[in-house]
Amino acid sequence: MSLSVSPAVGAALAAGRPVVALESTIISHGLPRPENLVAARRFESILTDQGVTPATIAVLDGVLKVGLDDGELERIANEDIAKLSVRDLPVAVGTKTSGATTVAATSFIAALAGVRVFATGGLGGIHRDANETFDESADLSTLAEIPITVVSAGVKSILDIRATLERLETLSVTVLGYQTDEFPSFWLTTSGEKLDWSVPDAATVADIMAANDQIGRRSAIVVANPLSVDQQLDPAIHDKALAEALRMASEKGLFGKEVTPFLLSTMVDLTGGASLAVNLLIAENNINVAAQIALAWSSR
Ligand code: PSU
Ligand code: MN
């Protein structure tokens, strides 16, 4: 098989020690250079510091990689590689191409390797003009089919959050607020949307994962982990920049996989880098919660 699990990740999985998957599109397309490589290394060290093995996932020369070495992290950060969702994986493998994996593709590959917990920044979702453009991230439909627990700060506020929550409901993806009963909106603490379920701690998430397995479901659990109010982007700055970024994207007529990276990088420009600092905090917070869940899961 074209799946290659690194020795560190393989040993941890075999021994039942905690492992957390990390995606690579946030490195290649979600964060600017050179901060992206610094961040990719820090994301891994947050996990190793807590005794959790990081499994950054990407496709390199047609091989589905679970766990990257430092040279491979550097390739993801510095090469102009493709952004791969699940439907792109056979093409990358068949043509021995490299690419970074989205939440959807990362979840798919993590499940192949048996990794159960995954940390990202924000999930993809339903875009605001989706009733005309049909722009709905494959993250949503993929999570309906893959038994992984993904920690995210909700979905990016560039999206239609209420519609995204409706789709997650239709797709039967379990959504848990982590110490909150409101769905976060990535750079902002809350979207104002109420959640049905809130969990107090990582051990409860592990109990729910076990129950999901026990009743034979093979679908994801989304753990929505908000920034604290003092960490969030200033809402006034956020709203102004977002309106402008959305206007620019529609003026350019962007579609497909270009839309999300364009909106993220335009937000960085329009906020003078403030959205980038907050994006890094989001990812770090989520990795910390994922570490706690992986530890709770492995101690079961
Ligand atoms: N979260 C971030 N930065 C990102 C992404 C998420 O903080 O770059 C990426 C993820 O890889 C997610 C993707 O799967 O954006 C969604 O892209 P699209 O809307 O094209 O499906
Ligand atoms: Mn899209």
Original post:
Taking 0.36 nm per intervening residue step and subtracting the Cα-Cα distance, what contour gain separates Arg218 from Ala236 on full extension?
Top reply: 2.4 nm
Original post:
For the stretch 218-233, in order, what is each residue's ³J(HN,Hα) by Karplus, 6.51 cos²θ - 1.76 cosθ + 1.60 with θ = phi - 60°, in whole Hz (x at glycine and Pro)?
Top reply: 10, 9, 7, 10, 9, 9, 8, 10, x, 5, 6, 4, 6, 8, 6, 5
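With a ≥ b ≥ c the root eigenvalues of the C-alpha gyration tensor of the stretch 175-240, is it rounded (a/c under 1.5), prolate (a/b larger than b/c) or oblate? Can you show the working numbers first?
Values: a/c = 3.27, a/b = 2.53, b/c = 1.29.
It is prolate, given that a/c is not under 1.5 and a/b is the larger ratio.
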Original post:
In the Gaussian network model of the chain, springs joining C-alpha atoms below 10 Å, which of Ser141, Ser250, Ser45 carries the largest mean-square fluctuation?
Top reply: Ser250
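Indicate, rounded to the nearest 5 percent, the antiparallel portion of the DSSP beta bridges found entirely in the stretch 122-300. Walk me through the intermediate numbers first.
Working: 6 of 17 bridges.
Beta bridges within the stretch 122-300, antiparallel portion: roughly 35 percent.
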Subject >> Vicinal HN-Hα couplings computed from phi for the stretch 16-28 (Karplus, 6.51 cos²θ - 1.76 cosθ + 1.60; Hz; Gly/Pro x) >> reply: x, 7, x, 9, 10, 7, 10, 8, 10, 5, 4, 6, 7
**OP:** Using only Cα atoms, locate the centre of the stretch 149-193 and the centre of the stretch 270-296, then give the distance between them in Å, rounded to an integer.
**Re:** 15 Å
Subject >> Most mobile of Leu112, Leu276, Leu31 in a GNM of the chain (Cα contacts under 10 Å) >> reply: Leu112
Original post:
With a 10 Å Cβ neighbour count serving as the proxy for reagent exposure, in which order, fewest first, do Lys65, Lys194 appear?
Top reply: Lys194, Lys65
Subject >> Lys/Arg +1, Asp/Glu -1 at C-beta; the stretch 122-300 dipole; positive extreme among Gly177, Ala294, Ala138 >> reply: Ala294
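Could you tell me which of rounded, prolate or oblate describes the chain, using a ≥ b ≥ c as the square roots of the eigenvalues of the alpha-carbon gyration tensor, with rounded for a/c under 1.5 and, failing that, prolate when a/b is larger than b/c and oblate otherwise?
Working: a/c = 1.42, a/b = 1.15, b/c = 1.23.
It comes out rounded by the Cα gyration axes.
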Subject >> Sorted by Cβ neighbour density within 10 Å, fewest at the top, the residues Met267, Met209, Met248 >> reply: Met248, Met209, Met267
Subject >> For a label point 7 Å along the Cα-to-beta-carbon line of Phe255, residues of the stretch 97-128 with backbone N under 19 Å >> reply: 125-128
**OP:** Please compute P(r) over all alpha-carbon pairs of the stretch 1-115, binned at 5 Å starting from zero, and give each bin as a whole-number percent.
**Re:** 2, 13, 25, 26, 19, 11, 3, 0
**OP:** For Thr190, enumerate residues with amide H under 5 Å from its amide H, sequence gap 5+ or separate chain, H modeled in the peptide plane.
**Re:** Ser185
Subject >> Computed [θ] at 222 nm, helices only, for the chain once each DSSP H run of length n ≥ 4 contributes -39500 (n - 2.57) >> reply: -14000 deg cm²/dmol
Subject >> Exposure proxy order (Cβ contacts within 10 Å, fewest to most) of Thr95, Thr271 >> reply: Thr95, Thr271
Original post:
Label points 7 Å out from Cα along the Cβ direction at Glu169 and Arg17: separation in nm?
Top reply: 4.3 nm
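Quick one: work out the % antiparallel among DSSP beta bridges in the stretch 1-115, nearest 5.
In the stretch 1-115, approximately 40 percent of DSSP beta bridges are antiparallel ones.
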Original post:
What ³J(HN,Hα) values, in whole Hz, does the Karplus curve 6.51 cos²θ - 1.76 cosθ + 1.60 give for the stretch 2-8 when θ = phi - 60°, with x put for Gly and Pro?
Top reply: 7, 9, 10, 9, 5, x, 5
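Defining a contact as two alpha carbons under 8 Å apart and six or more residues distant in sequence, what relative contact order in percent does the stretch 1-75 show?
Numbers: 90 pairs, mean separation 32.5, N = 75.
RCO, the stretch 1-75: 43 percent.
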Original post:
How large is the charge dipole for the chain, taken about the Cα centre, if only the Cβ atoms of Lys, Arg (+1) and Asp, Glu (-1) carry charge, to the nearest 20 debye?
Top reply: 600 debye
Subject >> Distant-in-sequence amide H partners of Thr180 (H built 1.01 Å from N, under 5 Å) >> reply: Val199
**OP:** Pull up the cross-link candidates among the lysines for Lys96, meaning alpha carbon to alpha carbon under 20 Å and not fewer than 8 places away within one chain.
**Re:** Lys65, Lys83
Original post:
When the chain is treated as a GNM, springs tying every alpha-carbon pair under 10 Å, which of Leu254, Leu168, Leu47 comes out with the largest mean-square fluctuation?
Top reply: Leu254
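If I take every Cα pair under 8 Å that is 6 or more residues apart in the chain, average their sequence separation and divide by the length, what percent do I get for the relative contact order? Spell out each step's value before the answer.
Numbers: 601 pairs, mean separation 59.2, N = 300.
Relative CO of the chain lands at 20 percent.
Compute the relative contact order of the stretch 1-151 as a whole-number percentage, counting only Cα pairs closer than 8 Å that sit 6 or more residues apart in sequence. Walk me through the numbers before you get to the answer.
Values: 278 pairs, mean separation 40.3, N = 151.
About 27 percent, as a whole number.
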Original post:
Using alpha carbon centroids, what distance separates the stretch 225-262 and the stretch 47-66, in Å?
Top reply: 28 Å
Original post:
Where both residues lie in the chain, what percent of DSSP beta bridges are antiparallel, nearest 5?
Top reply: 30 percent
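Values quoted throughout were computed directly from the atomic coordinates according to the rules given, and no laboratory measurement underlies them. On a predicted model such as this, the values are computed, not experimentally measured, just so you know. Because the Cβ atoms are built from the backbone with ideal geometry, glycine has one as well, and the counts that use them run over all protein chains shown.
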